[in-house]
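Everything on this sheet refers to the single structure shown next.
The values are calculated or read from the model by the stated rules, or taken from the named source; none is laboratory data. This structure is a prediction, so every number in the text was calculated from the model and none was measured. As a convention, Cβ positions derive from the backbone with ideal geometry for all residues, glycine included, and neighbour counts pool all protein chains shown.
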Amino acid sequence: MYSLIFFTMSKKTIVIIGPTASGKSEYSINYALKNASEIISADAFQVYKGFNIGTGTLTHDEMNGIHHHLINHISPNDTYTVQRFLDDVVGIMSSKASTPYIICGGSAMYLKALLYGYQPLKRLPVDERPLGEPLALWEQLHAIDPRLAKKTPYQNKIRVQRYLELHRIYGVPPSSLFLSQQFDSTKYQVIGLSIEKETSLTKILSLFFSGKTLRFFISRIFLAGMLSYKVNNIFLINLIL
């Protein structure tokens with residue numbers, strides 16, 4: 001059973017967040033049924049077609065007649081970015097302005113960009129990006145941004161390279177580029193679902209040993225690796241698996 005944490009109050013868009021197995025989908029559907037709402041998925045995996053089992057996508061029956069957006073939305077051959085997610089949300093909500101919406105997630109980066117703002121960062125040409133051994137690259141990062149380096153394992157070479165790339169482009173510590181805007185409490189009501197650690201572990205383990213969800217976890221890991229090379233600004237992506 002989930003418990004609720006209301007972070008802020010608003011009569012606008014509902015945003016539902018919470019850890020794995022906290023009941024976000026169930027809660028959003030129940031809320032939508034009571035308030036004639038539609039649901040916008042903020043899941044970075046479920047947006048792709050053809051991975052329903054691998055991403056734990058709700059079945060048609062489980063959606064209980066509620067219109068879900070951004071699920072099975074694009075081909076796996078397409079690139080889906082944070083900016084595209086934000087543009088899609090604006091387009092969906094603008095198309096039926098009188099309809100109440102629930103945004104249920106999902107990807108932490110998508111939600112952070114939605115609630116606190118997002119500005120795409122530039123890229124260098126591929127042949128100008130930092131190269132080297134993981135530890136040597138990390139030491140370069142530590143020299144220019146020690147706090148960020150301490151949060152970033154040197155083994156995460158892709159992320160370290162991206163931070164160094166940003167330093168070359170902007171000439172400032174990369175962490176200074178990630179400062180968030182102030183949360184706009186007039187636009188969103190954020191509902192956080194919490195769950196006891198023991199309960200969460202029990203639910204996850206019980207799901208893991210079921211046939212469908214075993215495939216879900218395996219496929220989820222595969223997709224995380226596959227999509228990491230497709231998403232722009234990969235250093236910013238913090239997926240909740």
Practice problem: Could you tell me whether I66 is modelled with pLDDT of 95 or more, under 19 Å from I17 (Cα atoms) and either outside any loop (DSSP other than H, G, I, E, B) or aromatic (F, W, Y) (or both)? | Solution: no
Quiz prompt | Single residue of L135, L86, L166 found to be outside the structural domain of S25 (by TED's automatic domain parsing) and either within 30 Å of I66 (Cα to Cα) or in contact with a helix residue (DSSP H, G or I) (Cβ under 7 Å, 6 or more places away or on another chain) (or both) | solution = L166
Practice problem: Scan segment 46-69 and give yes if some residue there is in contact with a His (Cβ under 6 Å, 6 or more places away or on another chain), within 16 Å of G105 (Cα to Cα) and without any contact (Cβ under 8 Å) to a residue 60 or more places away in the chain, otherwise no. | Solution: yes
Quiz item: Could you list, in sequence order, the residues of segment 97-154 that are within 18 Å of the chain's Cα centre (by Cα), modelled with pLDDT of 90 or more and surrounded by fewer than 17 Cβ atoms within 10 Å (Cβ to Cβ)?
Solution: none
Quiz item: Which of the residues that make up segment 26-53 are buried (at least 20 other Cβ atoms within 10 Å of the Cβ) and closer than 22 Å to K96 by Cα?
Solution: S28, I29, A32, I39, I40, S41, A42, D43, V47
Quiz item: Which residue pairs have Cβ atoms under 8 Å apart, sit 6 or more places apart or on different chains, and have a first residue in segment 155-169 that is among the charged types (D, E, K, R) and a second that is part of a helix (DSSP H, G or I)?
Solution: K157/P134; K157/L137; R159/I234; R159/F235; R162/I234; R162/F235; R168/E128
Quiz item: Name the residues in segment 10-25 that are touching a Lys or Arg at 6+ places or on another chain (Cβ under 6 Å) and under 24 Å from K96 (Cα atoms), would you?
Solution: K12, I16
Quiz item: What are the residues in segment 15-40 that are among the hydroxyl-bearing types (S, T, Y) and more than 23 Å from S185 (Cβ to Cβ), if any?
Solution: T20, S25
Practice problem: Scan segment 135-153 and report the pairs whose first residue is touching a residue at least 60 places away in the same chain (Cβ under 8 Å) and whose second residue is exposed (fewer than 12 other Cβ atoms within 10 Å of the Cβ) and outside any helix (DSSP H, G or I), with Cβ atoms within less than 6 Å and a gap of 6+ or a chain change. | Solution: none
Self-check item: Residues of segment 157-202 classified as under 28 Å from Y27 (Cα atoms), among the hydrophobic types (A, V, I, L, M, F, W, C) and either within 21 Å of the chain's Cα centre (by Cα) or at pLDDT 90 or above (or both), total
Solution: 5
Exercise. Kindly establish whether D78 is in contact with a Gly (Cβ under 6 Å, 6 or more places away or on another chain) and of a type in the set (D, E).
Key: no
